[in-house]
Amino acid sequence: MDERIAEFLDSRKRTSQDTIRTFRYTLIHFQSVIEDGGGDMNMLTEFDIRRYFQTRAEKKVSTRQKEYSIVLSFLTYHGWQDRMNGIEYPEEKIVSMERKSIDNIDIAKIKREIEKMNRKLNGDWKKGGKMRVALIYSLIYTGLRVSELVNLNQSDIDLRERTGSITTKGKGNKERTIPAPKELRRKLTEYLGEREDHNPALFVSNRGSRISVRNVQDILARLNDRCGFRKGTVHPHVLRHSFLYQTAKQVPLTTLTQLAGHDDPKTTMIYTTPNLQEVGEKLDNLYQDDE
């Protein structure tokens, strides 16, 4: 490992060990690519750095964004950040975003079907039915990652008559608070009102244990079939994308970034870009006279 990498890692003593391992792995691979291409870590050039990111072009956008931030931190520590000039932050293509969100009509269908799935013919709730409804509403109205959802505790929920919130810890163990709209508060209140156990977890299975990511995926797979959607249409990340895409129309970018739990507003900007249909609707009236 290059001594400059070792020095940089040593300077981050307050960083978690998991993060240090990620930094080390990324920077050692960065060094390997640079040197295999004939570059020199003593004399890094913009060409060398650009070539490194070109070799990562097939990786997921989230992976490339993380690597970009790590390399930039390394270069900034050594005063070489100007060598990143002209190398753009990796961003997801707009067309990809549109495939990952669903519209309000589909959200309404999901709400209807999740309740129908969890009621008996006489209208009574099935065992665990209120929990499953509250879980789906939580995904719809908060944009939580599925890992954040299953790790929620009852103490993370603040429900009042006119307001409410959910506090979660996301990537990097960073805490954020998300408002709980009235419809979500009602579903959570109905669910928690029937809880008689002492499990601190917010969502528990019929066996009384904290619900797992696999449990959530199974619920959504059954819901997807009931709605008649194409296989794989509804999954936790689609509901997260849909929440952020719709919320982007109502709040500033800085607020949306906080709600999403993103470190960089550039990651969130994709949700503020109108899709082709929205642009088309605006252009329909482009040359009409004001009357």
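Just to confirm a number: summing +1 for Lys and Arg and -1 for Asp and Glu over residues other than G170 whose beta-carbon lies under 13 angstrom from that of G170, what do you get? If you can, show how the numbers build up before the last one.
Details: positive: R145, K169, K171, K174, R176, R240; negative: E148, D156, E175, D263.
Charge balance in the 13 Å sphere: +2.
Dipole magnitude of the range 175-248 about its Cα centre, charges +1 at Lys/Arg Cβ and -1 at Asp/Glu Cβ only, in debye to the nearest 20? Walk me through the numbers before you get to the answer.
Working: 14 positive and 8 negative charges, 56 e Å.
With Lys and Arg at +1 and Asp and Glu at -1, about 280 debye.
Near I110, within a Cβ-to-Cβ distance under 15 Å, what is the net charge of the other residues, with Lys and Arg +1 and Asp and Glu -1? Provide the component values of the computation, followed by the final result.
On the way: positive: K109, K111, R112, K116, R132, K187, R222, R226, R230, R240; negative: D103, D106, E113, E115, E183, D225.
Charge balance near I110 sits at +4.
Would you mind checking K13/K174; K60/K116; K60/K187; K60/K111; K111/K231; K116/K182 for any pair whose Cα atoms are more than 28 angstrom apart? Each step should come with its number before you reach the end.
Numbers: K13/K174 18 Å; K60/K116 37 Å; K60/K187 35 Å; K60/K111 31 Å; K111/K231 18 Å; K116/K182 21 Å.
Violating the 28 Å Cα-Cα cut-off are K60/K116; K60/K187; K60/K111.
Cut-off 10 angstrom, C-alpha nodes, Gaussian network model of the chain. Which of S212, S11, S69 fluctuates the most?
Maximum fluctuation in the GNM of the chain, among the listed residues, is at S11.
Summing +1 for each Lys or Arg and -1 for each Asp or Glu, what net charge is found among the other residues whose Cβ lies under 13 Å from the Cβ of V204? Walk me through the numbers on the way to the answer.
Values: positive: K127, K130, R132, R195, R207, R210; negative: E194, E196, D197.
Charge balance in the 13 Å sphere: +3.
Run the numbers for F47 and K266: contour at 0.36 nm per residue of separation, minus the present Cα-Cα distance, in nm. Walk me through the numbers on the way to the answer.
Working: separation 219, 0.36 × 219 = 78.84 nm, distance 2.36 nm.
In short, 76.5 nm is gained.
I need the phi-derived Karplus couplings for the range 232-241: 6.51 cos²θ - 1.76 cosθ + 1.60, θ = phi - 60°, integer Hz, Gly and Pro marked x.
Rounded to whole hertz, the list is x, 5, 9, 8, x, 6, 5, 5, 5, 4.
K174 versus S209, label points 7 Å from Cα toward the beta carbon: distance in nm?
Rounded to a tenth, the inter-label distance reads 3.3 nm.
Label point 7 Å out from T163 along Cα-to-Cβ: which residues of the range 218-262 have amide N under 16 Å?
none
Quote to one decimal, in nm, the extra length available between E7 and D82 on full extension: 0.36 nm per residue of separation minus the C-alpha distance between them. Don't skip to the answer; put the middle values down first.
Numbers: separation 75, 0.36 × 75 = 27.00 nm, distance 1.98 nm.
That pair, E7 and D82, stretches by 25.0 nm at full extension.
Distance in nm between label sites at L121 and S16, each 7 Å beyond Cα in the beta-carbon direction?
Calculated label separation equals 5.0 nm.
Measure off, as a whole percent, the carbon and sulfur share of the 1.4 Å-probe accessible area of the chain, all protein chains present. Before the final figure, lay out each step's value.
Numbers: 8130 of 17390 Å².
Whole-percent figure for carbon plus sulfur exposure: 47.
Using only helices, what value at 222 nm comes out for the chain when you add -39,500 (n - 2.57) per DSSP H run of length 4 or more and divide by the total residues, to the nearest 500 deg cm²/dmol? Walk me through the intermediate numbers first.
Details: 14 runs with 153 residues, N = 291.
Computed mean residue ellipticity for the chain: -16000 deg cm²/dmol.
Per residue, what accessible area does the chain have, given a 1.4 Å probe and all protein chains present, in Å²?
Value for the chain: 60 Å² per residue.
The values are calculated or read from the model by the stated rules, or taken from the named source; none is laboratory data. Everything numeric in this text was worked out from a predicted model, so none of it was measured. Reconstructed Cβ throughout: ideal geometry from the backbone, glycine too, with neighbour counts over all protein chains shown. For accessibility, only protein heavy atoms count, side chains too; no ligands or nucleic acids. Shrake-Rupley method; radii C 1.70, N 1.55, O 1.52, S 1.80 Å.
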